[in-house]
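What follows is one structure encoded as structure tokens, with my remarks underneath.
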Amino acid sequence: MDHQRLILLLFLFLPTCFSFSFQTPSNNEFSNQSCSLKQQILELANSPSTVKWMKRIRREIHEYPELAYEEFRTSAIIRRELDLLGVPYKWPVAGTGVVAKIGSGPPPFVALRADMDALPIQEMVDWEYKSKVDGKMHACAHDAHVAVLLGAAKILQEMKDLLQTTVVLIFQPAEERGTGAKDMIEEKVLEDVGAIFALHYGAEYPSGVVASRPGEFLAGCGSFKAKIHGKGGLAGVPQHCFDPVLAASTSVISLQSIVSREADPLDSQVLSVAMIHAESAHDIIPDSATFGGTYRAFSKKSFYELRKRIEEVIKGQAEVHRCSAEVELFGNEHPTIPPTTNDVRIYELVQQVSSKIVGEDNIELAPLSTGSEDFAFYLEKVPGTFILIGNQNEKSGSRYPAHSPYFFIDEDVLPIGAAIHAAFALSYHSYSTNSYSL
């Protein structure tokens, strides 16, 4: 094992830089070098010039938010900064995406991903760098995600002599649409990638806390829309009609029994009908009725079984009432996103690396969440892990959840994200070649 790889392993596995009782000079020497590596990452991430630079990038992106597949200005900012860092990249990828590479090591590569798109929300936070685009806002921290991945690029570029593999930086469009990751994968951004990592800032935890969980983490999310076709007529003579409103109503009630009577109570699932529409006349039975909603589950098996049963129940109930049904489960407006399932070994590596950056006291086991993330598409192809970094800070005004018009970033957490990205990339190769059977 070469000297640099051993230093990286010690960085990963030694709990602190001052807690060892080994007395041999070689152990003390390597321990000091391990601490030196961690210290170098933290110093680069927290240097005043780097922090100021990340804040400037985040604020520039925040002022000009762009929706899915419209991120032309954002990708131009990314390319401008990569050029200044001397990092090569490919553009366009999936329309507006950027993919950069640092290092020249052999596969398996390690990938880091940041999403770029904003939301159709009017910002209500009154501050110097408020959105200048009416009806659009970075209310889900994607501006910060881009800034910290560029921060990681800066760190890794300065430490690239220590890289044992190639780091792939994925700046992805259209996460909020739920299709960006799939489009990036189709353009082969995961070619030769052995592991992938992403983070998300949010106000669920105090600033600086890192939270995640092994295995199932975020629910898969799908939507459905059903149109029941019947035979309309006068409501006063219903015997001449095939009532689609009745068929739709019994379908809605029957759908609730899937979760309450068919699903394992310990296997959390959600099925909610959120929309129903027929005609507006009070004395006419319409020819059709439409309803729709969302379904969510944590295991892939339950998720796809739930989807199957939704269609079966709706079509069955329509037939009972002498109607027919069309069920749409793969709409472009609300695409299906699979469950986000963290790879256990990559999760362990990320937890160990994160604890070096924020300390053991700031590592938490996150609960399961019915939120969804299109990062799940990457995790279907390669092992990886998704984490949350706390952004809750009353003093900075960061206390509202994502997708709120009052969402705000505590910019003090930017160096933490950059450091964790960089530390994971630097540690992955040594970890994988010594702990995995690849």
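The values are calculated or read from the model by the stated rules, or taken from the named source; none is laboratory data. In this text, all values refer to a predicted model and were calculated from it rather than measured experimentally. Because the Cβ atoms are built from the backbone with ideal geometry, glycine has one as well, and the counts that use them run over all protein chains shown. Remember, those area values only see protein heavy atoms, side chains included, never the ligands or the DNA or RNA. Shrake-Rupley method; radii C 1.70, N 1.55, O 1.52, S 1.80 Å.
Within region 274-283, is there a residue that is in contact with a strand residue (DSSP E or B) (Cβ under 9 Å, 6 or more places away or on another chain) and crowded, with 22+ Cβ neighbours inside 10 Å? Outline the logic, then answer.
Within region 274-283, the subset in contact with a strand residue (DSSP E or B) (Cβ under 9 Å, 6 or more places away or on another chain) is 274-279, 283.
Okay, now just the ones that are also crowded, with 22+ Cβ neighbours inside 10 Å, so none.
Within region 274-283, none of the residues are in contact with a strand residue (DSSP E or B) (Cβ under 9 Å, 6 or more places away or on another chain) and crowded, with 22+ Cβ neighbours inside 10 Å.
Yes or no: region 300-314 includes at least one residue that is under 19 Å from the mean Cα position of the chain (by Cα) and open to solvent by 20 Å² or more (accessible area, probe 1.4 Å). Looking for residues that are under 19 Å from the mean Cα position of the chain (by Cα) and open to solvent by 20 Å² or more (accessible area, probe 1.4 Å), one finds at least one in region 300-314, hence yes. Entry remark, region 125-153: residues being out of contact with any strand residue (DSSP E or B) (no Cβ under 8 Å at 6 or more places or on another chain) and surrounded by fewer than 24 Cβ atoms within 10 Å (Cβ to Cβ) number 10 in total.
Matching residues to (1) of a type in the set (A, V, I, L, M, F, W, C); (2) touching a Phe, Trp or Tyr at 6+ places or on another chain (Cβ under 7 Å):
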site	(1), (2)
Phe217	yes, yes
Gly232	no, no
Ile253	yes, no
Gln256	no, no
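Identify, please: which residue in region 395-413 is aliphatic (A, V, I, L, M) and closer than 18 Å to Ala118 by Cα and is, among those, surrounded by the most Cβ atoms within 10 Å (Cβ to Cβ)? Step through it out loud before you land on a result.
First, the residues of region 395-413 that are aliphatic (A, V, I, L, M): 402, 409, 413.
From the residues that got through so far, the ones that are closer than 18 Å to Ala118 by Cα too are 402, 409.
Values: Ala402: 17, Ile409: 26.
Residue satisfying both the conditions and the ranking: Ile409.
Name the residues in region 154-186 that are assigned to a helix (DSSP H, G or I), open to solvent by less than 10 Å² (accessible area, probe 1.4 Å) and farther than 18 Å from Glu380 by Cα, would you? Talk me through it step by step, then tell me what you get.
Applying the first criterion (assigned to a helix (DSSP H, G or I)) to region 154-186 yields 154-158, 160-162, 180-186.
Subset that is open to solvent by less than 10 Å² (accessible area, probe 1.4 Å): 155-156, 180-181, 184.
Once the filter is applied, which keeps residues that are assigned to a helix (DSSP H, G or I), open to solvent by less than 10 Å² (accessible area, probe 1.4 Å) and farther than 18 Å from Glu380 by Cα, region 154-186 yields Ile155, Leu156.
The criterion of at least 2 residues that are in contact with a Lys or Arg (Cβ under 7 Å, 6 or more places away or on another chain) is met, among strands (runs of 3 or more DSSP E) falling completely within region 313-397, by 324-328. Going by what's in this entry, would Glu360 be described as within 18 Å of Glu175 (Cβ to Cβ) and over 18 Å from the mean Cα position of the chain (by Cα)? No.
Please go through region 64-108 and give me each residue that is closer than 25 Å to Ser49 by Cα, touching a Lys or Arg at 6+ places or on another chain (Cβ under 9 Å) and charged (D, E, K, R), ordered by number. Result: Glu81, Lys101. For region 77-98, a residue qualifies if it is at negative phi and open to solvent by 20 Å² or more (accessible area, probe 1.4 Å), and the qualifying residues are Arg79, Arg80, Asp83, Leu84, Leu85, Pro88, Tyr89, Lys90, Trp91, Pro92. Could you check region 217-239 and list, in sequence order, the residues that are assigned to a strand (DSSP E or B) and either surrounded by 19 or more Cβ atoms within 10 Å (Cβ to Cβ) or of a type in the set (S, T, N, Q) (or both)? Of everything in region 217-239, those that are assigned to a strand (DSSP E or B) and either surrounded by 19 or more Cβ atoms within 10 Å (Cβ to Cβ) or of a type in the set (S, T, N, Q) (or both) turn out to be Phe217, Leu218, Gly220, Cys221, Gly222, Ser223, Phe224, Ala226, Lys227, Ile228.
Would you mention how many residues in region 352-372 are closer than 16 Å to Glu216 by Cα and open to solvent by 10 Å² or more (accessible area, probe 1.4 Å)?
First, pick out the residues of region 352-372 that are closer than 16 Å to Glu216 by Cα: 364-372.
So of that shortlist, the ones also open to solvent by 10 Å² or more (accessible area, probe 1.4 Å) come out as 364-365, 367-372.
Going through region 352-372 one residue at a time, the tally reaches 8.
When region 99-124 is examined, which residues are found to be open to solvent by less than 10 Å² (accessible area, probe 1.4 Å), of a type outside the set (A, V, I, L, M, F, W, C) and in contact with a Gly (Cβ under 8 Å, 6 or more places away or on another chain)? Across region 99-124, the qualifying residues are Asp115, Asp117. In region 398-427, the qualifying residues are those that are in a loop (DSSP other than H, G, I, E, B) and of a type in the set (D, E, K, R), and the one that is farthest from Lys154 (Cα to Cα) is Arg399.
Search region 186-221 for residues being at pLDDT below 95 and of a type in the set (Gly, Ala, Ser), and hand back the single one that is nearest to Tyr400 (Cα to Cα). Among residues in region 186-221 that are at pLDDT below 95 and of a type in the set (Gly, Ala, Ser), the one nearest to Tyr400 (Cα to Cα) is Ala203. Within region 183-206, residues that are on the phi > 0 side of the Ramachandran plot sit with their Cβ atoms under 6 Å from residues that are open to solvent by 60 Å² or more (accessible area, probe 1.4 Å), at 6+ positions apart or across chains, in these pairs: Asp192/Pro107.
If you go through region 240-249 one residue at a time, how many are assigned to a helix (DSSP H, G or I) and buried (at least 19 other Cβ atoms within 10 Å of the Cβ)?
Going through region 240-249, the residues assigned to a helix (DSSP H, G or I) turn out to be 240, 244-249.
Subset that is buried (at least 19 other Cβ atoms within 10 Å of the Cβ): 244-248.
The number of residues fulfilling the criteria is 5.
Annotation note: Cβ proximity below 8 Å between a residue of region 226-247 that is among the aromatic types (Phe, Trp, Tyr) and modelled with pLDDT of 95 or more and a residue that is surrounded by 15 or more Cβ atoms within 10 Å (Cβ to Cβ) and part of a loop (DSSP other than H, G, I, E, B) (sequence gap 6+ or interchain) occurs for Phe242/Gly230; Phe242/His321; Phe242/Cys323. Being more than 26 Å from Ser398 (Cα to Cα) and either free of Cβ contacts under 8 Å to residues at least 60 places away in the same chain or in contact with a Gly (Cβ under 9 Å, 6 or more places away or on another chain) (or both) holds for only one residue in Leu163, Leu149, and it is Leu163. With respect to (1) touching a Pro at 6+ places or on another chain (Cβ under 8 Å); (2) over 25 Å from Val382 (Cα atoms), the lone exception for Arg213 is condition (2).
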